[in-house]
1. Mind ranking Val114, Val70 by accessible surface for me, highest first, 1.4 Å probe?
2. Please give the contour-minus-distance gain from Leu30 to Phe5: 0.36 nm per residue of separation, less the Cα-Cα distance, rounded to one decimal in nm.
3. Relative to the present Cα-Cα distance, how much length would full extension add between Phe57 and Val151 at 0.36 nm per residue of separation?
Amino acid sequence: MISTFLIEHAPLVRAAFWVALAAAAVLAWLLHRLRLRGVLLGLSGVSLVAVLVLTLFPDGTRPGGVTCTVQFSVPFQGLETLANVALLLPLVLFLGTATNRPLTVLAGAVALSVAIEVVQALAPALGRRCDTNDWFMNTVGSLLGAVVALVICRIDRRRTTTARRRVTNGRNAEDEEFDTLRGRC
């Protein structure tokens, strides 16, 4: 039922993807700026649970046996591709912003995607099938999430650096010398 709706309204789904990405980016930026790290971590946890349920919950639609499609094409079309791009994007965006380490989170997300595909290949009871294109599109989504998180972290770092300079410039030399002796920046 939902897949029929998505297929019949594919252009709307594509537009909704970009709107959701923009909304998630604004939310991550606001939470990061307000220093609500716990909320970002909570959203990361919800995203991780969603990833695990969507990829490892038994599907049962495919008969048993190990099936794995190995292909190295660039399938930038169709709703399945868009779903694979969107799968890990929120996790990387929220966790990368929460930890201020988007590149480390990116590496972990790529490894998670590989692990998911291996489990799908080796656990026929799940009724799922591994596909290298799924891994590739998950990686593209993770990369997109990491880039947005990196931009958010850089903007905030620049903002706090500028604010510190303003405070330092407003202080007298004796205060700065005292702070230097105490080992403060």
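1. Values: Val114 65, Val70 105 Å².
Largest accessible area first, the list is Val70, Val114.
2. Separation in residues times 0.36 nm, less the Cα-Cα distance, equals 5.7 nm.
3. 30.5 nm
The values are calculated or read from the model by the stated rules, or taken from the named source; none is laboratory data. Computed from a predicted model, the values in this text were never measured in an experiment. Calculation scope for accessible area: heavy atoms of the full protein, side chains included, ligands and nucleic acids excluded. Shrake-Rupley method; radii C 1.70, N 1.55, O 1.52, S 1.80 Å.
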